Amino acid sequence: MQFDRVIIVDWSAAGTPTSATNKANSIWVGVASLGGASEQTHHRTRHAAEAHLNTLIAERRPQERLLIGFDFAFGYPSGFAATLTGQGSAQAVWAWLSRYIRDSQANANNRFEVAAQINAMFLAPGPFWGHPRGWSDPRLPDRKSGISYADLGLAQMRQVEARVPGAKSPWMLYNPGAVGSQSLMGLPLIHRLTQRNDVAVWPFSTEPAPIVLAEVYPSLLGKLPASAGLVLDQAQVKLLSEALLWLSRQDRLGQLFVVPGDLAPDEGWILGADQAQLLHEAALQGCRG
């Protein structure tokens, strides 16, 4: 399992363009390449970040393999896809969201409305919860209390989140650490990328492909030396892209592409979920070149 370039994307669900000067909560794209210096770029909108990604993909040389990691959930607890789409596949969820999520050039989006619409498909409150103050829809609870996932026939977390300390449930849309909104705003991008015939999404497809997309969780890197002059998100995409490239060069990246044998096919998995120590060591090696 080897790649020539690793791209890590720290996504955002912001509703307006993020600050041009305060870059702590913006989209960051980190690139590490064989034979080249790593670089990180800052993007104020999702449209700008997607355009940059498409440029990076278009620059791919013949025979070059790309690994692109995104820090949001690629799937939901098993059973959700079938209720939403009638098909038990994560790919069907990506396609559904690509039809219903609206996202303007200036980041304005309807993610909370779509979450409320999805909740209305279930016979009990939930599964999505969380919204900003001043936003109100009885179909989307503000808090998790009052939601019974057993009544919904769903788990509160995917298998992988239960095994990764600190990982949040994709049902949580708001409050510190929430990843649910990023997933709603990111999965339509995954759908668009899969319309290319040179793209595969792991672990939903394990066939070799020139471009492989995977879910990542930069916090798996653990505590690392401070990166001088870099904001946290920038440092994380830098270190994770360098770590994965280093593992590729050492022909050890395959150790991360492992999932449990009983993994539900619609849930997805975080790359390296059970290999936090290896990722930490690789990050230390990767940043040394």
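The values are calculated or read from the model by the stated rules, or taken from the named source; none is laboratory data. Because the structure is a prediction, the values reported are computed rather than measured. Every residue, glycine as well, gets a Cβ built from its backbone with ideal geometry; the counts of neighbours run over all protein chains shown.
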(message) Looking for something assigned to a helix (DSSP H, G or I) and more than 18 Å from the chain's Cα centre (by Cα) - is there at least one such residue anywhere in the stretch 122-130?
(response) no
(message) Let me confirm something: among VAL9, VAL31, which residue is more than 30 Å from SER136 (Cβ to Cβ), in contact with a Ser or Thr (Cβ under 9 Å, 6 or more places away or on another chain), of a type outside the set (D, E, K, R) and in the same structural domain as TRP269 (by TED's automatic domain parsing)?
(response) VAL31
(request) Looking only at the stretch 86-105, decide whether some residue is in a loop (DSSP other than H, G, I, E, B) and buried (at least 21 other Cβ atoms within 10 Å of the Cβ). (result) no
(request) Could you tell me which numbered condition GLY272 fails, if it satisfies all but one of (1) surrounded by fewer than 21 Cβ atoms within 10 Å (Cβ to Cβ); (2) assigned to a loop (DSSP other than H, G, I, E, B)? (result) (1)
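One line per residue, one yes/no per condition, for (1) β-branched (Val, Ile, Thr); (2) under 23 Å from ILE101 (Cβ atoms); (3) touching a strand residue (DSSP E or B) at 6+ places or on another chain (Cβ under 8 Å):
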site	(1), (2), (3)
ASP137	no, yes, no
LEU154	no, yes, no
MET157	no, yes, no
LEU173	no, yes, yes
GLN182	no, yes, no
ILE190	yes, yes, yes
(request) With the condition kept exactly as written, say whether any residue in the stretch 42-54 is assigned by TED's automatic domain parsing to the domain that holds GLY229, touching a helix residue (DSSP H, G or I) at 6+ places or on another chain (Cβ under 9 Å) and part of a loop (DSSP other than H, G, I, E, B). (result) no
(message) Condition first: closer than 23 Å to LEU263 by Cα and either at pLDDT 95 or above or not assigned by TED's automatic domain parsing to the domain that holds VAL259 (or both). Can you find one or more residues in the stretch 125-135 that meet it?
(response) yes
(message) Show the residue pairs meeting these rules: Cβ distance below 8 Å; 6+ apart or different chains; first residue within the stretch 72-96 and more than 15 Å from GLN182 (Cα to Cα) and touching a residue at least 60 places away in the same chain (Cβ under 8 Å); second residue β-branched (Val, Ile, Thr) and in a helix (DSSP H, G or I).
(response) PHE80/VAL93; ALA81/VAL93; ALA95/THR85
(request) Could you check, for the stretch 190-202, whether at least one of its residues is within 13 Å of GLY30 (Cα to Cα) and assigned to a loop (DSSP other than H, G, I, E, B)? (result) no
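Per-residue answers, yes or no, for (1) over 19 Å from SER89 (Cβ atoms); (2) of a type in the set (Asp, Glu); (3) at pLDDT 95 or above:
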{"site": "GLU207", "(1), (2), (3)": "no, yes, no"}
{"site": "TYR217", "(1), (2), (3)": "yes, no, yes"}
{"site": "SER248", "(1), (2), (3)": "yes, no, yes"}
{"site": "VAL258", "(1), (2), (3)": "yes, no, no"}
{"site": "LEU271", "(1), (2), (3)": "yes, no, yes"}
(request) State whether the residues of the stretch 119-134 include one that is farther than 30 Å from ASP274 by Cβ, in contact with a Phe, Trp or Tyr (Cβ under 9 Å, 6 or more places away or on another chain) and surrounded by 16 or more Cβ atoms within 10 Å (Cβ to Cβ). (result) yes
(request) Determine which member of the set ILE118, ILE190 is of a type in the set (Val, Ile, Thr) and more than 18 Å from the chain's Cα centre (by Cα). (result) ILE118
(request) Considering only residues that are polar (S, T, N, Q) and assigned to a helix (DSSP H, G or I), look in the stretch 106-121 and name the one that is farthest from ALA150 (Cα to Cα). (result) GLN117
(message) Please pick out the residue among SER136, SER219, SER205 that is among the polar types (S, T, N, Q), free of Cβ contacts under 8 Å to residues at least 60 places away in the same chain and outside any loop (DSSP other than H, G, I, E, B).
(response) SER219
(message) Condition first: without any contact (Cβ under 8 Å) to a residue 40 or more places away in the chain and either buried (at least 22 other Cβ atoms within 10 Å of the Cβ) or more than 23 Å from ASP274 (Cα to Cα) (or both). Now tell me which residues in the stretch 170-188 satisfy that.
(response) PRO176
(request) From ASP142, ASP151, grab the single residue that is over 17 Å from the mean Cα position of the chain (by Cα) and at pLDDT below 95. (result) ASP142
